[in-house]
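Enquirer: Okay, handing you the structure first.
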Amino acid sequence: MTRKLNHVGIAVRSLEAGIPFYRDTLGMVLEGTEEVVEQKVKVAFLQIGESRIELLEPTSPDSPVAKFLDKNGEGVHHLAYEVDDLEAALAALKKEGVRLIDEAPRRGAHHTLIAFLHPKASGGVLTELCQRSVV
Ligand code: CMX
């Protein structure tokens, strides 16, 4: 079902404060920043080889990422796996009885469709599935 790890999501209080460590100290390539209004976050993608990390800054106190930061502080927030057909993947997971946050794909950053599985369904690790190349 899954093709590869697409990105690791890391919650930060500020992109401006978080980016320099990854870009300047670790030498990753900053691909760009973007606001995902529906998810109430601003994100920055940094490339490392074939992989990427996604820094997430909440844009509102009721953002799910703000809730995460209040509870846990900054740190690893989710793992995102790439799939070819997100609707089919969600249908298969639902059939298996896996608890989903999103039963249908939503728009994510970087022209993707995304859906989250509930962290309780995956050993406490918030898991995102994403499908690339959506115009
Ligand atoms: N990792 C592990 N556990 C997490 C978690 C995370 N990132 N976020 C929340 N949880 C846990 C909570 O601690 C809580 O556990 P307890 O029940 O033991 O207290 C439980 O999951 C429910 O959390 P909640 O915040 O109360 O529940 P919500 O239904 O409000 O939120 C969730 C669920 C996890 C989907 C939401 O908090 C979230 O993070 N959504 C994803 C938002 C996001 O990252 N969007 C960016 C997408 C950008 C892109 O990639 O394109």
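Enquirer: Can you compute the charge dipole magnitude of the chain about its Cα centre, using +1 on each Lys and Arg Cβ and -1 on each Asp and Glu Cβ, nothing else charged? Give it in debye, rounded to the nearest 20. Walk me through the numbers before you get to the answer.
Expert: Values: 16 positive and 20 negative charges, 67 e Å.
Once rounded to the nearest 20, the dipole reads 320 debye.
Enquirer: Pull up all non-local amide H partners of residue 28: gap of 5 or more, or a different chain, and H-to-H distance under 5 Å with H placed in the peptide plane.
Expert: For residue 28, the qualifying residues are 23.
Enquirer: Place +1 on the Cβ of every Lys and Arg and -1 on the Cβ of every Asp and Glu in the chain, take the dipole about the Cα centre, and give the residue among 80, 123, 55 whose Cα lies farthest towards its positive end.
Expert: Comparing the listed Cα positions along the dipole, 123 ranks first.
Enquirer: For every other residue with a beta carbon closer than 10 angstrom to the beta carbon of residue 61, add +1 if it is Lys or Arg and -1 if Asp or Glu, then tell me the sum.
Expert: Values: positive: 40, 67; negative: 62, 70.
Counting the neighbours of residue 61, the net charge comes to 0.
Enquirer: Given only helices, namely DSSP H runs of n ≥ 4 each adding -39500 (n - 2.57), what is the per-residue ellipticity at 222 nm of the chain, to the nearest 500 deg cm²/dmol?
Expert: On the way: 3 runs with 25 residues, N = 135.
Estimated from H runs of four or more residues: -5000 deg cm²/dmol.
Enquirer: Given H placed on each backbone N at 1.01 Å, which residues far from residue 102 in sequence or on other chains put an amide H within less than 5 Å of it?
Expert: Amide H neighbours of residue 102, under 5 Å, 5+ apart: 116.
Enquirer: What figure in square angstrom, to the nearest 10, would you give for the accessible area of residue 51 with a 1.4 Å probe?
Expert: 50
Enquirer: When only Cα pairs under 8 Å and 6 or more residues apart are kept, what is the percent relative contact order across the range 42-106? Don't skip to the end; give the middle numbers.
Expert: On the way: 35 pairs, mean separation 10.5, N = 65.
Relative contact order, the range 42-106: 16 percent.
Enquirer: Next up: Restrict the search to the range 2-33; then list the trypsin sites (Lys or Arg not before Pro) that DSSP places in a loop and that have at most 16 other Cβ atoms within 10 Å of their Cβ. Write out the running numbers ahead of the final one.
Expert: On the way: sites: 3, 4, 13, 23; in loops: 13.
Passing sites in the range 2-33 are 13.
Enquirer: Which whole-number percent gives the relative contact order of the range 1-95, counting Cα pairs below 8 Å spaced six or more residues apart? It would help to have the intermediate numbers written out before the result.
Expert: Values: 167 pairs, mean separation 37.5, N = 95.
Relative contact order here is 40 percent.
Enquirer: Turning to a different aspect of this structure: If you plug each phi of the range 7-15 into the Karplus form 6.51 cos²θ - 1.76 cosθ + 1.60 with θ = phi - 60°, what whole-Hz ³J(HN,Hα) values come out, in order, with x for Gly and Pro?
Expert: Per residue, the Karplus-derived 3J(HN,Hα) values read 7, 10, x, 10, 7, 10, 6, 8, 5 Hz.
Enquirer: Continuing with the same structure: Could you tally up the Lys pairs in the chain with alpha carbons closer than 27 Å? Skip any pair fewer than 8 positions apart unless they're on separate chains.
Expert: The result is 17.
The values are calculated or read from the model by the stated rules, or taken from the named source; none is laboratory data. Because the structure is a prediction, the values reported are computed rather than measured. Note that each Cβ is placed from the backbone with ideal geometry, even for glycine, and that neighbours are counted across all protein chains shown. Areas reflect the complete protein model, heavy atoms only, side chains present, ligands, DNA and RNA absent. Shrake-Rupley method; radii C 1.70, N 1.55, O 1.52, S 1.80 Å.
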